[in-house]
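Please read the structure below before turning to the comments.
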Amino acid sequence: MPARVLLFTLLFAAPLVARADDLIVLLQRRNCPDCRLADVDLVHADLRDADLQRAQLQRANLGQALLDGADLRQSNLQFTNLRGASLRGADLRGSTLYGTDLRQADLSGAQLDKGALEQAYWQGAQGISAGVRSHAALHNAGVTAAENGQWKRAETLFSAAITVEPEEPLSWVARGLSRGELGNTKGASRDLAYAGELFGEQGDQEKAQQLLEASQIATAVMADTASKRGNGIGSQLLGGALSTAQALAPLALRALSPMLP
């Protein structure tokens, strides 16, 4: 589609909340700091290296847009659709990312504030720097994966949560249960035992004992599972099929529940 036709198509389709002259400036120059662009439809737009500092882009549709190297500092991206967008090297520091859809986006080299993705949707995004996602965000993403039966992804996310906050025993419990579901009883036993140690250090001897016994059970069934792949020891622990698990079940359910940020 010729650039002039695209310009007029987007211009006449733009909601009234966006300033028409701002949209023209953006499409012609790729630079529009402080622009009012709420609700605009810019799917697949090429905005590489654009200056969009402090731009009002709330609810805008930038799905699969090219925003590599764009300056989006202090911009309003509340409920903005950036799904599948390329944001490599973009500067998002100080931007508002409440409800922002960044799923499947490429954030390689992007600059983000610590914890910036706490209230955004980032599942499937790539290139997210360490420290941007909080422990709670990673743990809760693992919970979502577990609820959907995606145990391998859940294990990966719980591992990332543990890296951020290794002293939180519930993430160790959750990863242990995930590993149990994957048939990795040795890993499950080790994680549950370590979670018990952490609870013991925190003075909760009851949970420490429960997890020690659960770890011993996981170890005991290793021989039985040698000829079976993934018999779901995690499900046994959660469901209370094992005697010790009846006491452990509330703790397991708590471990596989969302955490508050």
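Quick notes
- Exactly one residue out of 93, 73, 48, 83 is over 17 Å from the mean Cα position of the chain (by Cα), assigned to a loop (DSSP other than H, G, I, E, B), buried (at least 18 other Cβ atoms within 10 Å of the Cβ) and not assigned by TED's automatic domain parsing to the domain that holds residue 161, and it is 73.
- Residue 133 being in a loop (DSSP other than H, G, I, E, B) and among the charged types (D, E, K, R): yes
- Test result for residue 181, acidic (Asp, Glu), in contact with a Ser or Thr (Cβ under 9 Å, 6 or more places away or on another chain), at negative phi and not assigned by TED's automatic domain parsing to the domain that holds residue 77: yes
Rundown of residues vs (1) basic (Lys, Arg); (2) outside any loop (DSSP other than H, G, I, E, B); (3) in contact with a strand residue (DSSP E or B) (Cβ under 8 Å, 6 or more places away or on another chain), yes/no style:
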| residue | (1), (2), (3) |
| --- | --- |
| 138 | no, yes, no |
| 152 | yes, yes, no |
| 156 | no, yes, no |
| 160 | no, yes, no |
| 166 | no, no, no |
| 171 | no, yes, no |
| 174 | no, yes, no |
| 178 | no, yes, no |
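- Any hit, segment 149-159, residues being over 20 Å from residue 132 (Cβ atoms) and over 20 Å from the mean Cα position of the chain (by Cα): no
- Scope segment 54-70; condition in a loop (DSSP other than H, G, I, E, B) and either surrounded by 24 or more Cβ atoms within 10 Å (Cβ to Cβ) or out of contact with any Ser or Thr (no Cβ under 7 Å at 6 or more places or on another chain) (or both); matching residues: 55, 57, 60, 62, 63, 64, 65, 67, 69, 70
- Residue within segment 98-110 that is more than 15 Å from the chain's Cα centre (by Cα) and either within 25 Å of residue 259 (Cα to Cα) or outside any loop (DSSP other than H, G, I, E, B) (or both) present: no
- Scanning segment 106-145 for residues that are among the hydroxyl-bearing types (Ser, Thr, Tyr) and at pLDDT 90 or above returns 108, 121.
- Residues (surrounded by 23 or more Cβ atoms within 10 Å (Cβ to Cβ) and over 13 Å from residue 23 (Cα atoms)) located in segment 35-45: none
- Scanning segment 115-163 for residues that are crowded, with 22+ Cβ neighbours inside 10 Å and of a type in the set (Ser, Thr, Tyr) yields no hits at all.
- Tabulated pairs, segment 180-193, first within 13 Å of residue 169 (Cα to Cα), second among the small types (Gly, Ala, Ser) and in a helix (DSSP H, G or I), C-beta under 6 angstrom, 6+ apart or interchain: 191/176; 192/176; 192/214; 192/215; 193/215
The values are calculated or read from the model by the stated rules, or taken from the named source; none is laboratory data. Just so it is clear, the structure is predicted and the values come from calculations on it, not from any experiment. All Cβ positions, even for glycine, are placed from backbone atoms using ideal geometry, and neighbour counts span all protein chains on display.
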